[in-house]
1. Identify all residues within region 129-167 that are modelled with pLDDT under 95 and either in a loop (DSSP other than H, G, I, E, B) or touching a Cys at 6+ places or on another chain (Cβ under 7 Å) (or both); write none if there are none.
2. Evaluate the following for Ala70: is it free of Cβ contacts under 8 Å to residues at least 60 places away in the same chain, small (Gly, Ala, Ser) and closer than 22 Å to Pro26 by Cα?
3. Quick one: would you say Thr71 is modelled with pLDDT of 80 or more, closer than 29 Å to Glu96 by Cβ and either within 19 Å of the chain's Cα centre (by Cα) or of a type in the set (Ser, Thr, Tyr) (or both)?
4. Quick check on this structure: which one of Val148, Val116, Val125, Val159 is within 19 Å of Leu41 (Cβ to Cβ) and surrounded by 12 or more Cβ atoms within 10 Å (Cβ to Cβ)?
5. All but one of (1) closer than 19 Å to Tyr155 by Cβ; (2) at pLDDT below 80 hold for Ser18; which doesn't?
6. If I go through region 73-92 residue by residue, how many of them are of a type outside the set (Val, Ile, Thr), touching a residue at least 40 places away in the same chain (Cβ under 8 Å) and farther than 16 Å from Ala140 by Cβ?
7. Quick check, is Ala140 under 12 Å from the mean Cα position of the chain (by Cα) and either closer than 13 Å to Pro102 by Cα or touching a residue at least 40 places away in the same chain (Cβ under 8 Å) (or both)?
8. Tell me, please, whether a residue that is more than 14 Å from Ile35 (Cα to Cα), aromatic (Phe, Trp, Tyr), surrounded by 13 or more Cβ atoms within 10 Å (Cβ to Cβ) and within 11 Å of the chain's Cα centre (by Cα) can be found in region 104-112.
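The values are calculated or read from the model by the stated rules, or taken from the named source; none is laboratory data. Nothing here was measured: the structure is a model prediction, and the numbers come from that model. Cβ sites come from the backbone with ideal geometry, for glycine too, and all protein chains shown count toward neighbours.
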Amino acid sequence: MTASPASPTSTSTTPATSTRPAGIDPRGPRFGAGITAVIQLVVIALALLGATWPAFALFAAQALVFLWGATAGIARHPYGAVFRALVRPRLAPPEELEDPRPPTFAQGVGLLVSAVGILLFLVGVPLALPIAAAAAFVAAFLNAAFDVCLGCLLYVQLVRLRRTPAT
């Protein structure tokens, strides 16, 4: 999700907002979302084909990647490192940079969805794994294919709610 200059997620150089983190190339999170979507499809296929534990292992590994992105920040995300090393040098510079906070929050949302799927699977709900993977796939696919980051949109709405005075 590319932030517009007027949105609460845009990066600005004005003194009042100089504490904002440095902007990131918005194509990086989309690249990572593409990798995540492919991984989630593999998890779904493995789970539906009966290879439950390999599906679980791959899903848990992706949950760890979500944890990394949510705690270390999107700028330090492993898929972002691949993007910066292999893809970005072959592209023109981005037209504008994106605030890293919404995509970092989105990683936390992915972690939450994954954690719920893992927990339910471990307590005996076998369909929790492909269902959680399907939810993560939809979100990752929307981001990768259409530049619609559901977690980023949720972040923006939560920021707006926090700024709205109580009536």
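1. If the condition is that a residue be modelled with pLDDT under 95 and either in a loop (DSSP other than H, G, I, E, B) or touching a Cys at 6+ places or on another chain (Cβ under 7 Å) (or both), then Thr164, Pro165, Ala166, Thr167 are the ones that fit.
2. yes
3. yes
4. It is Val148.
5. (1)
6. Number of matching residues: 5.
7. It is true that Ala140 is under 12 Å from the mean Cα position of the chain (by Cα) and either closer than 13 Å to Pro102 by Cα or touching a residue at least 40 places away in the same chain (Cβ under 8 Å) (or both).
8. Looking for residues that are more than 14 Å from Ile35 (Cα to Cα), aromatic (Phe, Trp, Tyr), surrounded by 13 or more Cβ atoms within 10 Å (Cβ to Cβ) and within 11 Å of the chain's Cα centre (by Cα), one finds at least one in region 104-112, hence yes.
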